[in-house]
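The values are calculated or read from the model by the stated rules, or taken from the named source; none is laboratory data. Fair warning: this is a prediction, and the values are worked out from it, not measured in the lab. Ideal geometry is used to build each Cβ from the backbone, glycine not excepted, and the neighbour counts take in all protein chains shown.
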Amino acid sequence: MRSFKGIYGLKNSRMCIRRLPHAMVLLSLVSGPALAESCIPPPRPFVPSDPKVASEYVDIIRNDFDLYFRDIQSYFRCLDEERTRAFKEAREVSEEYGRFLGSVDR
């Protein structure tokens, strides 16, 4: 019977384990900020065009609208937070650029 290390190509598992923290840090640096700054809007509630069908599913449709209004508030808060973060970042980048220009012009 083949070993776990043999099946998954981990014959030198110390090397793989040693590199794992580096990979995790790299992944968090790449995906962390992108995920934190993403604001995803909620889907619009669906209302059937047929009034008979709409009346059959009135409770579900009403619940979908309630969820939408709740989630759109979270979305607005996320956008506000992202706008604040982006303005702060733009100000910092502008200051960095000013320092850069000052150091190059010398």
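Brief remarks on what is shown
So that you can scan it fast, the table gives a plain yes or no per residue for (1) touching a residue at least 12 places away in the same chain (Cβ under 8 Å); (2) more than 15 Å from C39 (Cβ to Cβ); (3) of a type in the set (K, R):
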{"position": "I72", "(1), (2), (3)": "yes, no, no"}
{"position": "R83", "(1), (2), (3)": "no, no, yes"}
{"position": "E89", "(1), (2), (3)": "no, yes, no"}
{"position": "E92", "(1), (2), (3)": "no, yes, no"}
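- Test: residue in region 41-52 that is closer than 27 Å to K88 by Cα and either modelled with pLDDT of 95 or more or under 13 Å from the mean Cα position of the chain (by Cα) (or both): yes
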